[in-house]
Structures are given as C-alpha cells and as structure tokens.
Amino acid sequence: MGESETKLSVPDHNSLILNTNLTNLSQGIYSFWLNQNTEERKNEMAKKRGHVLAVPYPTQGHITPIHQFCKRLHFKGLKTTLTLTTFVFNSIKPYPSGPISIAAISDGYDLHGFDSSGSIHEYLQNFKTFGSKTIADIIRKHQTSDDPITCIVYDAFMPWALDVAREFGLAAAPFFTQSCAVNYVYYLSYINNGSLNLPIEELPFLELQDLPSFFSVSGSYPAYFEMVLQQFTNFEKADFVLVNTFQDLDLLEKELLSKFCPVLTVGPSVPSMYLDQRIKSDTDYDLTLFESKDAALCTSWLDTRPQGSVVYVAFGSMAKLNNVQMEELASAVSNFSFLWVVRASEEANLPSGFLETLDKDKSLVLKWSPQLEVLSNKAIGCFLTHCGWNSTMEALTFGVPMVAMPQWTDQPMNAKYIQDVWKAGVRVKTDKESGIAKREEIEFSIKEDKTILCPISKTNSALSLVDDTNSSCITIKRNSGLSSCSDHKQLQTRINIIFTISLYSFCCNQERDREKKKRTMEKKRGHVLAVPFPSQGHITPIRQFCKRLHSKGFKTTHTLTTFIFNTIYLDPSSPVSVATISDGYDHGGFSSAASVPEYLQNFKTFGSKTVADIIRKHQTSDDPITCIVYDSFMPWALDLAREFGLAAAPFFTQSCAVNYINYLAYINHGSLKLPIKDFTFLELQDLPTFVTPTGSHLAYFEMVLQQFTNFDKADFVLVNTFRELDPHEEELLSKVCHVLTIGPTVPSMYVDQQIKSDTDYDLNLFDSKEAALCTDWLDTKPQGSVVYIAFGSMAQLSSVQMEEIASGISNFSYLWVVRASEESKLPSGFLETVDNEKSLVLKWSPQLQVLSNKAIGCFMTHCGWNSTMEGLTLGVPMVAMPQWTDQPMNAKYIQDVWKVGVRVKAEIESGIAKREEIEFSIKEVMEGEKSKEMKKNAKKWRDLAVKSLSEGGSTEININTFVSKVQIILSEDEILPRELKRIFPPSLLRAISYDFVKSNNDLRECRPNTSFWMPTLLNQPAH
C-alpha cells in the first residue's frame, strides 16, 4: 500500500468525548442563560448565541490551552472573548488575527506585570481586586449588546471568578490546565489540609518522588502550593469543571475526580490542523509571549535531518536550570544531533564556549522554537522535556517518545505517568544528594528512549508498513530496547498503529449512556483465572495470591489439572473457585509422561484448549475472565490471554535474584560468565544448578529459560517475594519487565491477619492426618529446643546422605519429615531406635504450624523458595542444605545476605554433607557465637514481611496496583472493535502495547460511525 494511496481523514478531534463534552457545554450555557430570563424575553433571546468570557491566568502555559478551547467553542457556534492582562496584551508577538475576540483586564500591574509585584501573595490579592472589577466592566459592557456574556470559563487558579459569574447570574466553569491525576492528588491534599498520606489508595503506584514537588520537597514554594489548593475552595459549585486532557489518557483518575464535581475533559488543546483538521483556520497557537523569528531557521534545518535522528530539548517557558545542570545536559547531548531551546534568560547558564564550538550542521541551539512544527517533523527522534503538562500533551498527541527531566510542580507526576503508565518514555534519574541529572544518566536515557520508540512521521504510515512487516518479529522490551532481531521499521509500525487506535477513539461519534454504563460496571468485578504449574510448590503460592485478590473484591478461579484435582485434599470452605484443565495425563499425571519435553508439549496442547474452554464458559456470565495469572513456566498462556483480549501476568515462584540470574542466562544463550557485574559476591557453587555443572537437568533448564521468551510483553510480572528482601535485584529485573512483588504468599493468619479466613494453605497433595500428633508433641518441648528438618515435596537425597543426616542430628531434639517415598533410604533400624520423647520422624508435617511453634530452634532446609520464605516470614534461623535448581543461591542469601543461617559445607568430590559438618552447623545456629545475630536478623525479616503485607506496605501497594489496573480493563464489550480487527491481522494487534489498549477504554465502549471513520481505510480488504 503506497503512502500516497491512503490518507487518514479524521473529521473531529476526539469527537467521541470532546465533541460530546463541547456540545453539552454549549447547550448547557445556552439553557442556563435562557432560564435566567422571563418568558416574554425567551423568543427574542433564542435568536441569540452563547457568549463565553475566558479568563486565563496570565502565563503562557495557562493562556494557550484556554485560547485553544475558545477556538473549539467558536467552531461550535459560540462567541468567545479571551481576556488578557494589560501587560500580557501589550507583550503578544504578534497580535493574533483569529476569530477569538480579545479584551484587556487589569491585574494591578499594567506596566510590568508579575515581576513588578512585591510577592506572589501580593500579586494574587491585587489580581483578585483589579481583575474582579475589570471583568465585571466587560460583562456590563456586553449586557446590552447582541451577544451578552452567558458563561465565564476561568483558570482554576482564580476561584474568585465564580463569585463574579454568580453576581451577574452567569454560568461558570473553572479550567484546570493539569491532568486529572494531578488534580485529584491536589484535591486529596486540599481536603487533608495540605497533607497527603502514602500510599494513595486509588493510586498506590505513586511514591514520594512521583508526587508534585510541593509534597516531595517539604515547604517548597508555599505561596504557589496555597494557590494550587485554593483551586478547590468552590469548584464543586461550578456548573462544569473543565480539564485539559482526554478521557482515554487518565480514565480512572477522571472517574475519581468526577465523584466530587461535574468533570468534562476538553483536551488535548492542540491546534486542529495537527489532529482532526475540521477547523481550517486553526493551524497554530497564534498567541505567544516569545519572539518567533527563529521559526523558519528551525524548521528548514530540521528538514535536512534524517528521520528520527534529532533529540529535541526544551524546558518550557518557566523552568530554570542551574549552570551545573546545564553543563551536565550540554555534555550529555553532545553525542547526538540535537535541537535545544535555551531561553535568553537562561543562556548565561550554558558552559563557557559551548555555543561557539557547536557544529551547526549536526545540532542547533535557539532561543525559541515553534514547538508544534518541531514535534510533528519527521526528524525528531525523542523529546527531552521538563514534563510541563502542555509539552507532555503535545508529545503524546504527536506520538513522540519522551526523555523526562521534571523540575517542579506537577512535572514529577507527569514524568511518572510518561514512564510507567503511558509507557511513552524514560525518566532521567537524578543524583539523590544534589538533585542533578548527571550526563551519563541523561545520555543513557536518550539512548534508551530512541531505542524503545520511534516517532510518528505520518499517521497513514501505519498502513503502508503493515503489508511488508512480519508482525510476529515485533519483540518490544519495555525498558531495555529492542531484541537483536527487531528493527526500527517494525517499531515504527507498532507506534503508528497505537496512534491510529488513539485516532480511532477520537473518531467514534456515538453518544454513550454514562449512567447505564456506571451501573453495569458496578455490578461487575475483576475475575482472575490462575493457572499454576501442576506441582505443590507452584500451586500453593498462586492459590495464596488468589486469596489476596479475593479479599480485594475480585473473583478468582484456580485451575488444577484433572490428575491433581483428584489427588488433593481441598478445603471446601475456601473462597477461591477451582476448575479443572487437562495436561494430557488425566489419570497418571506427570509421572506417566515419557519425558519432561513430552509432558510440557502435551500440557501446552491440552492446557491451551481446556483453559480456553473455561474462558469461553465465563464470557456470557456476570463475571467474565478479565485476567490470566499463569505460572511463568507456561509462557504459552500469554498467547491465550491475548487471543481473548485479556490482561496477563506470569507468576514467578522464585526470588528476584534467582529470576534475574536466570534471565541473564537466557539472554546469553544459556551461559553465564563470572564474576556477574551486579552480583560480584556470587561464586560458582552459589549459582542455580542448571548453570553449573553444565548439562544437569537440561529439560528443566530449558523450561527455566523459556520463562523469559515473552515475559516483557505481559501486563505485569508477579514475583513471590517482598521488595525489602532483595530490592537491588527487583530494581534490576524491573529494567526489563513490569515487576510487582506480591509475596510472601503465607496465609494471612501468620503475617498481617487481615484475612480472617486465611489460616492455612487449604490445599495439599499429602495426607495431613499426622498434623495433630506433630503439634501436640511440639507443645511439650522447651522453647527453641527442637531442630526442624524438612526437604520439601521434590528433593531426593541418597541413602548415604540420609545416613549422614541421621547421625548428624542424633545429639539434638528434632522433628524430621521423611516422605514415604524416601523412607527406605533411612539407615537400617533407625526408626526403631528413635526416642519419641526426644525426637519425632513423620511422613508429613503442617509446616506453618511447626515453624510458628515456640519449640523450634532452627530449620534445617533444602532452601526451596517456599520453605525459605516461610522460614524468613516466621522468623526462624536456618541450616541450609541446598540440593538443586535455585536452592544453592537461596542458601547463599540465607547465610551471607540476609544473615539468618549457616550453609552446610558439602564434600567437593562426593557432594555429600558429612555428619560432623551437619552437627557443627546446627550448633552454630542454635548456640554458636553468631546465634544471637542470626536470631535478631530472623526477627527483623519477620517484621519486614509482616510490614510488607500490612496497610501501606510494599506488597500491599503492589497488590492494590494490580487490582486497580485490572479493574480498568473491565468492560461490557470487546477490547478491540470489529472494524479495527478487520483492518489489521490479529497477530499484529496482539503485538501492540497492551498497556495503551488497556487504558484506552473507549475502544471497548463504542462502535464507530463508519460514515466518516477513515472510509478509505475501511474499504481495504480483510486480512
């Protein structure tokens, strides 16, 4: 399909939301005005039109969006008059010639404006005094005209304008120039007398550094902060509350704000020429306080640059960078082709000689730029921005990825959304002490951003690229750039399709019954289908996560293979539903498969089909499946989720540290070189056994590596740990995927006690009839006297090792769990000689009850991750005897990182832990020199585990984040409309960033008016 053959003609900017909102506003203004007058005058007044008086706060960033809104209202038939302070009016360059009338008002500083005031407090007071009077004069002037003022749209920074409107019986609407998310956070602070408690219940992903600077830098700019809070003193009394955003961008936040006031989203306030092209005269902002003589130079220079090659650097009209930051920035951008806007007032902060040494063929520094023309130019590769809301909206509107360098006010929060919510860029990390973004970090972020995303040069290029792009090769990694097999052309396709979808949501011109939708949505709830790998150690943690989700109001269905279902002991009172799926071995399970590869292949084949059946079964129910949480050993489940338009999250049952090491092995084709950059303390014997010795358990190793084939494409990556346990490792993993730590997955009774019914795992593959015997016996033993020995549900020890253990523990009081399948390996006559007063050997134990019993002095463990987490969560020191897989690395962390135990040394040649070494290690933990320190550390980790799951804890925040984001995707319709599916192949649609589709809720709520939705496009043959 040639570029010239298809043109996207989009007749109305955001017409689904914005068109409806503007129409409602126009009609509301007219109705309000009409109803204020007597019956006798109605016929005469019906001939008139509404007249909006727009009163922006007198800075460029506030004037521009309200001025653009006036153009939209004029297009709808309303007369509009924009007020400017006398000083600003005299500073405009050049005077605009558009359809919007302009009138001057006074702020009390007509000659020199804000700079001549004594303080912000003084300025605001005088603006209120003089502004109220001069606005009233304008209203009176028009009262006897053909177009009397009928409504005041005023900047939210000026709540006193509402009183002026009411004095004259006019409709009134504050105009908020920041996002719904930022406004909601400010509102929460307002009702809490200027303070804010973290985490924020509805926005739990926000941390302190993500909040507006008034919160993160205590006491900063108190006068501005007061002005921000004053926006909300009477906003709920206004007829409308207008916000410069579009509903798709922060849907949840808009709904939250709508609970307190009548919100209408009326953005983005970008000239029509760059969006819907319905307002032919709206080609630019046409009202600026800055000299624009550099415009021609800027655009002509850009036209000579290759596509996507230029870094555009601009920090708005107010941000002030110090000379240290300017020097770091100058050094960082020097390796790129760049266009840098440095205002005249900031030029002195540039490094000495910087401008003189600039290669103007490669880069350009200007005092001003026509930002819309710049961002829409094909040469721009990314936008290094201060994240002011206008700049952010422009970049989002033009599809330009961003490098975020926020400075103050709302900018840190915009940066958070850019990186982690909209996933449209990278936030530059600053030095914690100085607050300076260092050159290396800036350069790294630019490279990261230019690799992840490519700019959109033309909206129709999506179509020209679809035909010749192999969509199955698109392998986007959220934070780490492209895989080696991807290229920029494929990325261009992805970004252009995302942009096309956003235009689609603009162009679906259908009224929606919001009250009906609200009632329907209230009846629905998130429904998570949990699909664990069929072994005890994988089933248990996912089931516990289901209980957490259920406590948050979600419905949860836990799948088990038919064989497992027929084998388990299941508590019938559990709130988690159970459904059976097939692995192809319904009668014999895994042990009846000929090999691991055969089992995995059949599980994929039969599992995919039976999981799909469950999803279809629920599609017409009151609780359709909305998300699949699947064991990371089953990456095929992601494809299944995408096929049905569901959110998806792999569940990793090992630590962040182990997962990251396995990931490094994956990207290095199964090998690892020592020392590992971020883990220099790890030696060969500390690594997972798959990595060394070479060749061990190859089928399992392959399964471990396969976890990472598509994990970066999932909506979340859930890890059964808590952040405090391995924060460095979590941060490393977060660079390559969207990690949420949601552990420890221990029943609530043993940690936070918030879920009263969660007292045990309630699902077990082993006979639990010995539970009472076990706990009764423990209750007779002195505190801290018993060594608890258990090697999990899979570890197999040789008879030689069993004999060494039996001898090594003989001098202690112990409780040893020996599975029935392992009993024959015990020394001959051992069981008969056990003194049951002193020690006990059982086939099974209720491990949580055991570890929480005061009699336990230490836990001799194989270091499986579930057992390790239980030991840490219940504060029990450990004797580590790792066997295979991740266990050696867990043992390393137990001894040297968390310092809660001792690792038993095994013989190098035989691999056997000798009785003397076992006995020594137990004594070291129970009564040695470091015993007190280990017990103290064990208590510390126990307390941190409890804290993580308690209100405000890291895990609680992450679970709330998961819940809130999955809740957003709930809808009564398909995730992608039929018309869009007809245009693009399903495989390519599934490659689209799901976070965008997920947040872009209108795609699921409407059907297009095909009479004007890309008619040329819809005539293309179905793929």
**Fill in**
Contact list, first residue from the stretch 842-865 and of a type in the set (D, E, K, R), second anywhere and assigned to a strand (DSSP E or B), beta-carbon distance below 8 Å, six or more apart or interchain, is LYS843/VAL817
**Asked** Got a sec? Which of ALA657, ALA612, ALA699 is under 30 Å from ARG525 (Cβ atoms), of a type outside the set (D, E, K, R) and outside any loop (DSSP other than H, G, I, E, B)?
**Response** ALA612
**Prompt:** Are any residues in the stretch 346-391 in contact (Cβ under 8 Å) with a residue 24 or more places away in the chain and on the phi > 0 side of the Ramachandran plot, and if so, which ones?
**Reply:** CYS387
**Request:** Check PHE606 against each of (1) in a helix (DSSP H, G or I); (2) more than 30 Å from HIS697 (Cα to Cα) and name the one condition it does not meet.
**Result:** (2)
**Item:** Residues located in the stretch 140-164, provided they are within 27 Å of VAL228 (Cβ to Cβ), touching a residue at least 40 places away in the same chain (Cβ under 8 Å) and β-branched (Val, Ile, Thr)
**Value:** ILE152, VAL153
**Item:** Tally of residues being touching a Gly at 6+ places or on another chain (Cβ under 8 Å) and acidic (Asp, Glu) across the stretch 573-589
**Value:** 1
**Complete:** Given (1) under 28 Å from LEU698 (Cβ atoms); (2) touching a strand residue (DSSP E or B) at 6+ places or on another chain (Cβ under 7 Å); (3) surrounded by fewer than 18 Cβ atoms within 10 Å (Cβ to Cβ); (4) not small (Gly, Ala, Ser), THR580 misses just (1)
**Complete:** Scanning the stretch 165-187 for residues that are part of a loop (DSSP other than H, G, I, E, B) and surrounded by fewer than 23 Cβ atoms within 10 Å (Cβ to Cβ) gives PHE168, GLY169
**Request:** Working carefully through the options HIS51, HIS13, HIS67, find the one that is modelled with pLDDT under 55 and either surrounded by 15 or more Cβ atoms within 10 Å (Cβ to Cβ) or more than 42 Å from the chain's Cα centre (by Cα) (or both).
**Result:** HIS13
**Message:** Restricting to the stretch 257-284, count the residues that are in contact (Cβ under 8 Å) with a residue 40 or more places away in the chain, more than 13 Å from LEU372 (Cα to Cα), polar (S, T, N, Q) and surrounded by fewer than 21 Cβ atoms within 10 Å (Cβ to Cβ).
**Reply:** 2
**Prompt:** Among (1) hydrophobic (A, V, I, L, M, F, W, C); (2) surrounded by 21 or more Cβ atoms within 10 Å (Cβ to Cβ); (3) in contact with a Phe, Trp or Tyr (Cβ under 9 Å, 6 or more places away or on another chain); (4) closer than 23 Å to CYS70 by Cα, which single condition is PHE240 missing?
**Reply:** (3)
**Request:** Could you check, for the stretch 350-359, whether at least one of its residues is of a type in the set (S, T, N, Q), in a loop (DSSP other than H, G, I, E, B), in contact with a Pro (Cβ under 9 Å, 6 or more places away or on another chain) and over 19 Å from SER391 (Cβ atoms)?
**Result:** no
**Message:** I'd like the full set of residues that are under 29 Å from ASN193 (Cα atoms) and at pLDDT below 90, limited to the stretch 262-277.
**Reply:** PRO262
**Request:** Kindly list the number of the only condition in (1) in a helix (DSSP H, G or I); (2) modelled with pLDDT under 90; (3) touching a helix residue (DSSP H, G or I) at 6+ places or on another chain (Cβ under 8 Å) that fails for GLY670.
**Result:** (1)
**Item:** In the stretch 303-317, residue surrounded by the fewest Cβ atoms within 10 Å (Cβ to Cβ) [restricted to those that are part of a loop (DSSP other than H, G, I, E, B) and under 29 Å from the mean Cα position of the chain (by Cα)]
**Value:** SER309
**Request:** Filter the stretch 601-632 down to residues that are crowded, with 23+ Cβ neighbours inside 10 Å, more than 21 Å from the chain's Cα centre (by Cα) and under 30 Å from PRO888 (Cβ atoms), then give me how many there are.
**Result:** 1
**Asked** What number of residues in the stretch 335-364 are closer than 16 Å to ASN323 by Cα and touching a strand residue (DSSP E or B) at 6+ places or on another chain (Cβ under 9 Å)?
**Response** 7
**Request:** Run down ILE139, ILE200 and say which single residue is at pLDDT 95 or above and crowded, with 16+ Cβ neighbours inside 10 Å.
**Result:** ILE139
**Asked** Inside the stretch 809-828, can you point out the residues that are under 11 Å from LEU840 (Cα atoms) and in contact with a Lys or Arg (Cβ under 6 Å, 6 or more places away or on another chain)?
**Response** SER813
**Prompt:** SER317: of a type outside the set (A, V, I, L, M, F, W, C) and within 24 Å of ASN244 (Cα to Cα), yes or no?
**Reply:** yes
**Item:** Pair list, Cβ < 6 Å and 6+ apart or interchain, from the stretch 300-311 residues that are over 18 Å from MET402 (Cα atoms) to residues that are at pLDDT below 95 and surrounded by fewer than 19 Cβ atoms within 10 Å (Cβ to Cβ)
**Value:** none
**From SER950, SER910, SER931, residue being modelled with pLDDT under 95, of a type in the set (S, T, N, Q) and under 20 Å from SER785 (Cα atoms)** = SER931
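Could you identify the single residue in LEU264, LEU256, LEU287, LEU249 that is aliphatic (A, V, I, L, M), assigned to a helix (DSSP H, G or I) and on the phi < 0 side of the Ramachandran plot?
Just one listed residue meets the conditions, LEU256.
When the residues of the stretch 104-139 are filtered to those that are small (Gly, Ala, Ser) and in contact (Cβ under 8 Å) with a residue 40 or more places away in the chain, which remaining residue is farthest from ILE279 (Cα to Cα)?
Ranking the candidates gives SER119 first.
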**Fill in**
Subset of the stretch 188-202, residues under 23 Å from GLN967 (Cα atoms), touching a helix residue (DSSP H, G or I) at 6+ places or on another chain (Cβ under 7 Å) and not in a loop (DSSP other than H, G, I, E, B), comes to ILE200
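A quick yes/no check of all residues on (1) surrounded by 19 or more Cβ atoms within 10 Å (Cβ to Cβ); (2) assigned to a strand (DSSP E or B); (3) more than 49 Å from the chain's Cα centre (by Cα):
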site: LYS781; (1), (2), (3): yes, no, yes
site: ILE789; (1), (2), (3): yes, yes, no
site: GLY792; (1), (2), (3): yes, no, no
site: ALA795; (1), (2), (3): yes, no, no
site: GLN801; (1), (2), (3): yes, no, no
site: SER807; (1), (2), (3): no, no, yes
site: SER810; (1), (2), (3): no, no, yes
site: TYR814; (1), (2), (3): yes, yes, no
site: SER821; (1), (2), (3): no, no, no
**Prompt:** Is the stretch 971-980 home to any residue that is in a helix (DSSP H, G or I), surrounded by fewer than 18 Cβ atoms within 10 Å (Cβ to Cβ) and modelled with pLDDT under 50?
**Reply:** yes
**Fill in**
Matching residues in the stretch 243-255 (surrounded by fewer than 21 Cβ atoms within 10 Å (Cβ to Cβ) and modelled with pLDDT of 90 or more) number 2
**Asked** Between residues in the stretch 732-752 that are free of Cβ contacts under 8 Å to residues at least 12 places away in the same chain and residues that are assigned to a loop (DSSP other than H, G, I, E, B) and crowded, with 23+ Cβ neighbours inside 10 Å, which pairs lie under 8 Å by C-beta distance while being six or more apart or on different chains?
**Response** MET749/ASP758
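The values are calculated or read from the model by the stated rules, or taken from the named source; none is laboratory data. From a predicted model like this one, the values you see are computed outputs, not experimental measurements. All Cβ positions, glycine included, derive from the backbone under ideal geometry; neighbour counts span all protein chains shown.
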